[in-house]
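Contents: one structure, followed by commentary.
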Amino acid sequence: MPQHHKLLSLALAATVALTPHAFTQQPKPDVPPALYLGAAWYPEQWPESRWDADLALMEQAHIRFVRITEFAWSTMEPTEGNFEWTWLDHAIDAAAKHHIAVVLGTPSATPPAWLTQKYPETLRFESDGKQDEHGNRQQGSFVSPKYRELCRDIAERMAKRYGHNPNVIGWQLDNEISAEDYGPAAKAACQDWVHAHYKTLDNLNTRWTTAYWSEAYTDWSQIPIQEKYGNPGLLLSWKRFVSDTWRAYDLNQIQVIRPNVDKRQWITTNTMGWFDGYDHYTVEQDLDLAAWDDYVGRGHLDPYSNGFAHDLTRGFLRKNFWVMETQPGFVNWSANNTALDKGEVRAMAWHDIGHGADAVEYWQWRSALNGQEELHGTLVGSDGTPVPLYSEVAQLGAEFAKAGPALAGTSPHSQVAILHSYDSRWAVNWQRHNQNFDPIQQILSYYKPLRQLAQSIDIIQQTAPLDSYKLVVAPGLAVLTGEGAKNLIAYVQNGGHLVLGQRAAMKDDDNSLQANRAPGPLATLLGGRVEQFYAIDDEKTTPEATVPVEGKWGDTTSKIWAEQLSVTAPDTEVLMRYGKSNGWLDGQPAAITRKVGKGRITYIGAWMDDATLLNAAKWMTETSSVTAAFGPIPEGVDVYPREGQGKKIFILVNFAKTPQTITLPSTMHSILEDKDLSTLSLDRYGVAILQAR
Ligand code: GLA
Ligand code: GLA
């Protein structure tokens, strides 16, 4: 039977088989809170008689939503075509009685055993050629038409049954999509993708320079899958294929959910912060909401690295997002699963909200008595009574309820944007040239001082609208696309200040070297270019490798990388120069800037230390009239501005080891304490939520 007929008949069968749930018996929907506290709950792992006790404990902790069913396929469809919905109807009803809303997960991350046994073609292949099997999760192939059909069917049935349920607020597609398929079907699909993208083999061969090593293709079916040491054009195409395939994989479910559910029910999927397995800008564009799973793992929260991941997620759809999972104290998958300190879980939650999260969900409520993750942190123990962290989360829940109205309708707004690009991170990681050239560290080295100064940063892609920013910094933009170049040139010509970091615009759309050297299409505007790049050895182990840099931002050394710049326009100014080092770099420009009308473009070719980058960031912000959102604040205290609906809120969290006193820029109202303040003292992990008058 052709696939569309099959789907049609499945849909018809579904209409006959499903009796819509009796909505009239549902309690009235609660007013949704502005800040949602949640927990991952797995009712299918427990007898129904236990649910009420769990939900009552959640309600006491002000937990206002549960995410369920993302792994419950075998409970919803125990054997092929036999659906069990009654338990789920009851679970949603039981939650509603406790004023707890429900996010439904589509279960495609965990296909049941009967499915993989009957349809082994749905199983993915690992990159080493081994086929996955049942017993873990994510064994389904993201390209398999049969798997798509089966995922679509269960998603559609869920949507039809719960799409108008007043207690269901949204949908999570799958769970942490990330496991590609490297089997024959994926290879054929990738070849089709390359064909559609490059149209002719001549075009492909030219743009990948396949004359190199006799790589030239005479048939699309000759193109291999390569992940690491392949032709850079091929590597990038594989990643773009993977990104488009995940998008299609999600759309397969979105297309049956959206027409069957109320408009108020949103659709999201949970991503993983810095994870770069696919281009999130590609995959996220069809979703209503961005959401991510925020785990510290071993050690403690790093507010910069974690803050970057929040800002990155907020940048996918350029609006507030959800933290769909976070650790209740500790995880089970790290080398050493240390716990966050007492108070740190609460502090972290407010840091999340500060960066634009509107919800924080703890994974998970209670551990299953068996299963792969028995030792993971939870809010209740194996006996179903609270663990020590429960009361901290309950306090947080009370605070969410109290501060929610003030934070409603607010979000972070920034004068500064940092450009982020998956193409660029991949390109650098495939050819680091210095093993220490970590694109994440590179981008963080700029994010950190800029966040300290501006106190709010947007992270966006190179094609995003830039008009609203006074300063746009691109520390790690190795791959500049044609569209990106147009956007950046227009930004500078319209009066913006663009700062490029090391290796910027070295590559083009195909991951080829820019034919006119870095920064390629921006070189004319800059009035300068990169004459040569040099990998630099570690100055600690090889002192003779030290590359001094000095100038406007102070005296320092260039680590990991140093680019010899040249100036080609009379009005391009040299900001920093190299000192005596390898001969080539001696006395050469290390950072240059040029005023272009009301705008400015700056290029930094040295990898400088934090103190010098802080000076550089001060220069960038001053030159661009960027102001601090809050004002002076002691080191270690993070401030997060959120504004909207005429309100200006500042969340303050003290991550310093000692208590800190903060003088407020004006008298502000402390929402948690219900009083006006002009100074404030915060203990370690202390939190204040202040509303400007
Ligand atoms: C070898 C190979 C060349 C080239 C160089 C690079 O010598 O023969 O083709 O790969 O290494 O250093
Ligand atoms: C991920 C998954 C969860 C769980 C947690 C454990 O985020 O989405 O199902 O495995 O990790 O930390």
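Quick notes on this structure:
- Residues whose amide H comes within less than 5 Å of that of ILE459, counting only those at least five positions distant or on another chain, are GLY315, ILE418 (H built at 1.01 Å from N in the peptide plane).
- Once the Cα atoms are used to define both axes, helix 482-493 deviates from the longest principal axis of the chain by about 60 degrees.
- Extreme residue, positive dipole direction of the chain, given options TYR212, THR200, LEU150 (C-beta unit charges): THR200
- Based on protein heavy atoms only, the chain ends up with 40 Å² per residue of surface accessible to a 1.4 Å probe.
- The listed residues GLU156, GLU531, GLU573, GLU635 rank as GLU635, GLU573, GLU531, GLU156 when sorted by accessible area, largest first, using a 1.4 Å probe.
- Euclidean distance between Cα centres, the range 257-293 to the range 116-178, Å: 15 Å
- The figure for TYR212 is an accessible area of roughly 130 square angstrom, using a 1.4 Å probe on the protein chains alone.
- Helix 48-60 axis, angle to the chain major axis (alpha carbon atoms, nearest 10°): 50 degrees
- The slack between GLU84 and LEU317, meaning 0.36 nm per residue of separation minus the straight C-alpha distance, is 80.3 nm.
- Remark on the chain: Rg and Dmax equal 26.7, 81 Å (Cα only).
- With a Förster radius of 25 Å applied to the beta-carbon distance between LYS552 and SER625, the computed FRET efficiency rounds to 0.90.
- Label-point separation, SER221 to ASP509 (7 Å along Cα→Cβ), nm: 2.9 nm
- Sorted largest first by accessible area at a 1.4 angstrom probe radius, with every protein chain in place, the residues LEU312, LEU150 fall in the order LEU150, LEU312.
- Among HIS62, HIS355, HIS433, the order of accessible area from largest down is HIS433, HIS62, HIS355, computed with a 1.4 Å probe on protein heavy atoms.
- Backbone N atoms of the range 155-192 closer than 13 Å to the 7 Å Cα→Cβ label point of SER127 belong to residues 179-183.
- Amide H to amide H, with H built 1.01 Å from N, TRP561 comes under 5 Å of ILE536, TRP607, counting only residues 5 or more places away or on other chains.
- Per-residue ellipticity at 222 nm computed for the chain from its helices equals -10000 deg cm²/dmol, with DSSP H segments shorter than 4 residues left out and the rest contributing -39,500 (n - 2.57).
- Contact order for the range 338-451, expressed relative to its length and based on alpha carbon pairs under 8 Å spaced 6+ residues apart, stands at 17 percent.
- Shape class of the range 73-116 from the Cα gyration tensor (axes a ≥ b ≥ c, square roots of the eigenvalues): oblate, since a/c reaches 1.5 or more and a/b does not exceed b/c.
- Sorting the Cα pairs of the range 412-482 by distance into bins of 5 Å, from 0 upward, gives 3, 17, 27, 22, 16, 10, 4, 1 percent per bin.
- The dipole here belongs to the range 200-247: it is taken about the Cα centre, uses +1 on the Cβ of Lys and Arg and -1 on the Cβ of Asp and Glu, and is about 240 debye.
- In this view, the solvent-accessible surface of HIS376, computed with a 1.4 Å probe and all protein chains in place, comes to about 10 Å².
- Prolate/oblate/rounded call for the range 209-363, Cα gyration tensor, a/c under 1.5 rounded: oblate
- Spacing of the two label points (7 Å from each Cα toward its C-beta) at ASN494 and GLN255, in nm: 3.5 nm
- Percent carbon-and-sulfur accessible area, the range 515-629, ignoring ligands, DNA and RNA, probe 1.4 Å: 51 percent
- Computed from Cα atoms, the angle from the helix 389-407 axis to the main principal axis of the chain rounds to 70 degrees.
- Partners for LYS118 among aspartates and glutamates (Cα-Cα distance below 13 Å; same-chain residues under 8 apart left out): GLU80, GLU133
- Bridgeable lysines around LYS342 (alpha carbons under 20 Å apart, same-chain partners fewer than 8 residues away excluded): LYS657.
- Whole-Å distance, taken between Cα centres, linking the range 485-503 and the range 400-431: 20 Å
- Heavy-atom accessible area for HIS413, with the other protein chains in place and a 1.4 Å probe, reaches approximately 110 Å².
- Relative contact order (%) - criterion: Cα under 8 Å, at least six apart; region: the chain: 10 percent
- Taking only protein heavy atoms and a 1.4 Å probe, the accessible area of the range 143-253 is 54% carbon and sulfur.
The values are calculated or read from the model by the stated rules, or taken from the named source; none is laboratory data. Because the structure is a prediction, the values reported are computed rather than measured. For neighbour counting, all protein chains shown are included, and Cβ atoms are generated from backbone atoms with ideal geometry for every residue, glycine included. Just so you know, the surface numbers come from the protein's heavy atoms only, side chains and all, with ligands and any DNA or RNA stripped out. Shrake-Rupley method; radii C 1.70, N 1.55, O 1.52, S 1.80 Å.
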